[in-house]
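As structure tokens, the structure follows; a few thoughts come after it.
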Amino acid sequence: MNLIGESGSIISLPKIADPRGNLSFAENQTQLPFEIKRTYWIYDVPGGTERGGHAYRENTEFIIALSGSFDVLLDDGHNIERYSLNRSYYGLLVPKMIWRTMENFSTNSLALILSSTEYSESDYIRDYQEFLKNARK
Ligand code: TYD
């Protein structure tokens, strides 16, 4: 299942089904259209909290719900799409210059994010009006 939306796309990951427990993986350039430079994870999110609320100038991300569920809202400056992530064998590819917000985190949810760049605060656009000025026309 590769579901391509206006702003993001769902990429299926291999799932090695096994009675001992399932295994999935993501490799540079094979499952992902970029080289992983960084990984981080979001956890212990209190109910009702919103994360994100920014865009990146250059960074592309791949977001996987390793545990539990949450929604990712992607805004390209024209349309907003909601993706509900709740399985660990697919993820959401978020290209650069997309405003993204994460919400509706379930108890004990765990979001793993694979990033194409190292952390740089100057890569963030945190002001929505500035994002709109730079967004796809
Ligand atoms: P931020 O990306 O704003 O979080 P979210 O989008 O999930 O709401 O990051 C929150 C803080 O963590 C911010 O001060 C920057 C810091 N941070 C790092 O130092 N390294 C990283 O790789 C990331 C993603 C964030």
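Computed over the chain, the convex hull of the alpha-carbon atoms projects to a mean area of 8.6 nm².
For region 52-96, there are no residues whose amide N sits under 14 Å from a probe point set 7 Å from the Cα of Tyr119 along the beta carbon direction. Computed on region 1-52, the Cα convex hull volume stands at 171 Å³ per residue. Accessible area per residue for the chain is 57 Å², calculated with a 1.4 Å probe on protein heavy atoms, without ligands, DNA or RNA.
Take every Cα pair under 8 Å whose residues are at least 6 apart in sequence, average their separation, divide by the length of the chain, and the relative contact order is 32 percent. Site pair Arg51 and Asn79 shows an inter-label distance of 2.7 nm when each label is modelled 7 Å from Cα along Cα→Cβ. Fully extending the segment from Arg136 to Ser69, taken as 0.36 nm per residue of separation minus the present Cα-Cα distance, adds 21.2 nm.
Of the solvent-accessible surface of the chain, computed with a 1.4 Å probe and all protein chains present, 49% belongs to carbon and sulfur. Look at the dipole of the chain built from charges on Cβ: of Trp41, Ala26, Met102, the Cα furthest out on the positive end belongs to Ala26.
The values are calculated or read from the model by the stated rules, or taken from the named source; none is laboratory data. Small disclaimer: the values here were computed from a predicted structure and weren't measured. Glycine also receives a Cβ, built like all others from the backbone with ideal geometry; neighbour counts cover every protein chain displayed. In case anyone asks, the SASA skips ligands and DNA or RNA and just uses the protein heavy atoms, side chains included. Shrake-Rupley method; radii C 1.70, N 1.55, O 1.52, S 1.80 Å.
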